[in-house]
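Beneath this line is the structure, given in structure tokens, with notes to follow.
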Amino acid sequence: MVYYGYEQFVEDVKKLVRLTAEYNPDTIIAIARGGWTLGHAYASATDNRQLMSINSILYEGDQKGKQCKVFNIPELDKAKKVLLMDDIVDSGETMKEVLNHLKNKFPHIEFRIASIYYKKTAVIQPDYVLYKTDEWIEFFWEKDYLSD
């Protein structure tokens, strides 16, 4: 297990901003809950107020479920370029399901994916990623706020 701390996160958001600069998304969708912290920080760093959220459930804690559920799909009628953000593309099943839902509902939109971590065994690869890993990552927003 690898701990991912706040100081590293601050630097990595800056790296993702540089990596995605040429794409310049008009809308950001953070996948709840893992993508919220990243999406918020990225939106602030790029001064993009079109930050939205989508929900998906595949994991309960560190246990993988049988089927990915996608819900609370935002309205994107005015969007042209959307950046989907999550903290990690683990199995990739969540991201693949979310992307399929969005592409089916909004075929006129170009979607790209950004994440901090990516596992090589994932069924989908992010367009923008900082680190490849085989480890379980413990993000500060999942660990540091838990009560003792």
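The values are calculated or read from the model by the stated rules, or taken from the named source; none is laboratory data. Just so it is clear, the structure is predicted and the values come from calculations on it, not from any experiment. Here Cβ is always computed from backbone atoms with ideal geometry, including for glycine, and neighbour counts include all displayed protein chains.
Structure summary
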{"read-out": "In region 1-42, residue farthest from Trp141 (Cα to Cα) [restricted to those that are among the charged types (D, E, K, R) and in a helix (DSSP H, G or I)]", "value": "Arg18"}
{"read-out": "Residue check, Thr37 touching a Phe, Trp or Tyr at 6+ places or on another chain (Cβ under 8 Å), polar (S, T, N, Q) and either at pLDDT 95 or above or more than 14 Å from Val98 (Cβ to Cβ) (or both)", "value": "yes"}
{"read-out": "Test: residue in region 46-58 that is at positive phi and out of contact with any strand residue (DSSP E or B) (no Cβ under 6 Å at 6 or more places or on another chain)", "value": "yes"}
{"read-out": "Flag for Asn72 being farther than 22 Å from Tyr4 by Cα and touching a residue at least 40 places away in the same chain (Cβ under 8 Å)", "value": "yes"}
{"read-out": "Out of Tyr59, Tyr6, Tyr42, sole residue that is under 17 Å from Ile88 (Cβ atoms), among the hydroxyl-bearing types (Ser, Thr, Tyr), surrounded by 15 or more Cβ atoms within 10 Å (Cβ to Cβ) and at pLDDT 95 or above", "value": "Tyr42"}
{"read-out": "Every residue from region 13-40 that is touching a Pro at 6+ places or on another chain (Cβ under 9 Å) and under 10 Å from Asp86 (Cβ atoms)", "value": "Ile29"}
{"read-out": "Tally, over region 90-112, of residues that are outside any helix (DSSP H, G or I) and either touching a helix residue (DSSP H, G or I) at 6+ places or on another chain (Cβ under 7 Å) or of a type in the set (A, V, I, L, M) (or both)", "value": "2"}
{"read-out": "Top-ranked residue of region 131-148 - restricted to ones that are hydrophobic (A, V, I, L, M, F, W, C) and either in a loop (DSSP other than H, G, I, E, B) or farther than 22 Å from Glu97 by Cα (or both), ranked as modelled with the lowest pLDDT", "value": "Leu146"}
{"read-out": "Candidates Asp47, Asp12, Asp26, Asp77 - the one that is in contact (Cβ under 8 Å) with a residue 40 or more places away in the chain, over 20 Å from Gln125 (Cβ atoms) and not hydroxyl-bearing (Ser, Thr, Tyr)", "value": "Asp26"}
{"read-out": "Residue in region 81-89 that is surrounded by fewer than 19 Cβ atoms within 10 Å (Cβ to Cβ) and either touching a residue at least 24 places away in the same chain (Cβ under 8 Å) or assigned to a helix (DSSP H, G or I) (or both) present", "value": "yes"}
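To keep it simple, each residue is scored yes or no on (1) on the phi < 0 side of the Ramachandran plot; (2) loosely packed, with under 15 Cβ neighbours inside 10 Å; (3) in contact with a Leu (Cβ under 6 Å, 6 or more places away or on another chain).
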{"position": "Met95", "(1), (2), (3)": "yes, no, no"}
{"position": "Val98", "(1), (2), (3)": "yes, no, no"}
{"position": "Arg112", "(1), (2), (3)": "yes, no, yes"}
{"position": "Val123", "(1), (2), (3)": "yes, yes, no"}
{"position": "Glu135", "(1), (2), (3)": "yes, yes, no"}
{"position": "Phe139", "(1), (2), (3)": "yes, no, no"}
{"position": "Tyr145", "(1), (2), (3)": "yes, yes, no"}
